[in-house]
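For reference, the structure discussed in these notes is given below.
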Amino acid sequence: MAGDGFDLQAVEGPFTEQTWDFTVPEFRWLLDYWVAKRGARPCPRWRDIDLPALYKFAPNIVVKDAVEGGRDFRVRFWGTEITEWLRFDATGRFLSEYFPAAGREGILTAHRMALTGDMPVRRWGVSVYPERNYVAFECIDLPLEDDAGGRAHLLSMCLYRMIAPKAPDTAG
């Protein structure tokens, strides 16, 4: 069953907003890089992104390809830091395969907003896994065009942090 194997549960959010206001230094760096690469266009092309330039931030980077205009998204690149936090690697998978059904439409809506909008999208919230701590996350999502000028990819950076231990289960 899609998404059920990872046991991710939303506690708060995810919340989504279109904004240019990013204060986290890593997000600010990626946004400035993206703006410089887009030039006079609404967004840069995938081929404009110099992957070696992203090396320092690669562990927190995700690149997704839009499928059928955003009906779904397939992961092209999934950073190692994201794998460590979420305890799975989604490289090559469709979002519909790994994202929990309960929050899937919300994340697809946020991704579509980033893909088609002319400004960055910020996502944030708190999640928990069974037998794990509460994890706060924040992400920036930026659109990329294909060579024909169509919106076809998302460049994202996600940062995670532990915020509180989960209370032990005393039932039983």
Options Phe73, Phe94: the member that is in contact with a helix residue (DSSP H, G or I) (Cβ under 9 Å, 6 or more places away or on another chain) and at pLDDT 95 or above
Phe73
Search result, residues across segment 57-92 that are more than 18 Å from Gly106 (Cβ to Cβ), charged (D, E, K, R) and surrounded by 14 or more Cβ atoms within 10 Å (Cβ to Cβ):
Asp65, Arg74, Arg76, Glu81, Asp89
If you go through segment 135-150 one residue at a time, how many are over 13 Å from the mean Cα position of the chain (by Cα), at pLDDT below 95 and buried (at least 17 other Cβ atoms within 10 Å of the Cβ)?
2
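Limited to segment 22-44, what total is found for residues that are aromatic (Phe, Trp, Tyr), touching a residue at least 24 places away in the same chain (Cβ under 8 Å) and buried (at least 16 other Cβ atoms within 10 Å of the Cβ)? Outline the logic, then answer.
Here is the first cut: in segment 22-44, the residues aromatic (Phe, Trp, Tyr) are 22, 27, 29, 33-34.
With touching a residue at least 24 places away in the same chain (Cβ under 8 Å) added as a condition, the list becomes 22, 27, 29, 34.
Those still in the list that are buried (at least 16 other Cβ atoms within 10 Å of the Cβ) too: 22, 27, 34.
Residues flagged as aromatic (Phe, Trp, Tyr), touching a residue at least 24 places away in the same chain (Cβ under 8 Å) and buried (at least 16 other Cβ atoms within 10 Å of the Cβ) within segment 22-44 amount to 3.
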Need the failing condition index for Trp29 against (1) in a helix (DSSP H, G or I); (2) among the hydrophobic types (A, V, I, L, M, F, W, C); (3) under 17 Å from the mean Cα position of the chain (by Cα); (4) closer than 21 Å to Thr116 by Cβ, just the number.
(4)
Going through Val67, Val63 one at a time, which residue ends up being of a type in the set (A, V, I, L, M, F, W, C) and either more than 21 Å from Gly149 (Cα to Cα) or out of contact with any His (no Cβ under 7 Å at 6 or more places or on another chain) (or both)?
Val67
What are the pairs with Cβ atoms under 9 angstrom where one residue, in segment 105-122, is over 20 Å from Phe27 (Cβ atoms) and surrounded by 15 or more Cβ atoms within 10 Å (Cβ to Cβ) and the other, located anywhere, is at pLDDT 95 or above and among the acidic types (Asp, Glu)? Sequence gap at least six, or different chains.
Leu108/Asp72
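The values are calculated or read from the model by the stated rules, or taken from the named source; none is laboratory data. Bear in mind the structure is a predicted one, so any value in this text is a computation, not a measurement. No Cβ is skipped: glycine too gets one built from the backbone with ideal geometry, and neighbour counts run over all protein chains shown.
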